[in-house]
Amino acid sequence: MITIDGKWTMEGLDRSDSRRIKTIDELKKYIRNIGFLPFFKGGIEGFSLEELTASDSWWSGDVTEDPWIWRELIAGEGEIAYGKLFRGKAGFISREWFPIFAVYRRDGYDFDSRYEDGLASRRQKRIIDVLNEYDMLPSYELKRLAGFGKEGEKNFEGTVSELQMKTYVIIRGFRRRKNKKNQEYGWAVADYMLSEKLYGAEHVRSAYGMRTAEAKNRIIEHLLKQYPNTDIREVEKLI
């Protein structure tokens, strides 16, 4: 994504390009095949939803072709994990690959063990404790219930992003606020959920017998097979 004349411009494909992802079903199939996919362009050329879709389809409001809307629909379905999963930025991970990322990102720790060993912050624990009580919550409710705000804890967005990167929390959907007349308004806000509640603890932790280094190598090797000319340092930065 680049800025031209003060406007965001997506670096996508021409509509006539045969590589272009045209529909949400094509996107879901692509993610299941490749395993994981960042949302915006990064250090690996061609490896992002931005670079695989038409640049003029973004923010069109057309559900049949707008990737910005697709992310809402995919998150709402719950089959493919969506959230800030790559360098603190948005992306997708398939159900099959999620346990591998959980091993690598968590380094063998469930959240309670991570907190007990002093590897998680009090702010993170506040969010996890609240999400343990609810199936899912919109960001503004989670923020309030976890004690963030003017008089409370700071850096809610950064804290919940860290928990997504560690695969403990995912974005389960989006919703818009409603006014007193029950009318929706403004940008959609994220609904957050514990990944164990979405997929089940057994599935999320199903690769825990694998060592962290092994999980990392599997992710790297898989990505390098898809993009063999990529600098391994860029891969390590991304994952």
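Total residues in the range 181-224 satisfying the condition of being in contact (Cβ under 8 Å) with a residue 12 or more places away in the chain, outside any loop (DSSP other than H, G, I, E, B) and of a type in the set (A, V, I, L, M): the figure is 11. Considering the range 225-239, the residues that are among the aliphatic types (A, V, I, L, M) and either in a helix (DSSP H, G or I) or over 22 Å from the mean Cα position of the chain (by Cα) (or both) include one that is farthest from F40 (Cα to Cα), namely I232. With respect to the conditions (1) of a type outside the set (K, R); (2) over 24 Å from R123 (Cβ atoms); (3) within 11 Å of the chain's Cα centre (by Cα), Y185 falls short on a single one, namely (3).
Evaluation of S94 against the conditions (1) hydroxyl-bearing (S, T, Y); (2) in contact (Cβ under 8 Å) with a residue 60 or more places away in the chain; (3) closer than 18 Å to S161 by Cα shows that the sole unmet condition is (3). For S113, the criteria (1) out of contact with any strand residue (DSSP E or B) (no Cβ under 9 Å at 6 or more places or on another chain); (2) touching a residue at least 12 places away in the same chain (Cβ under 8 Å); (3) in a helix (DSSP H, G or I) hold in every case but one, which is (2). Taking the range 126-177 as the range and being more than 21 Å from A90 (Cα to Cα), crowded, with 16+ Cβ neighbours inside 10 Å and of a type in the set (D, E, K, R) as the test, the residues that pass are R126, E153.
We did not get these values from a lab; they are worked out from the coordinates using the rules stated. Keep in mind that this is a model prediction, so the values were computed, not measured. Positions of Cβ are generated from backbone atoms using ideal geometry, with glycine treated the same way; all protein chains shown enter the neighbour counts.
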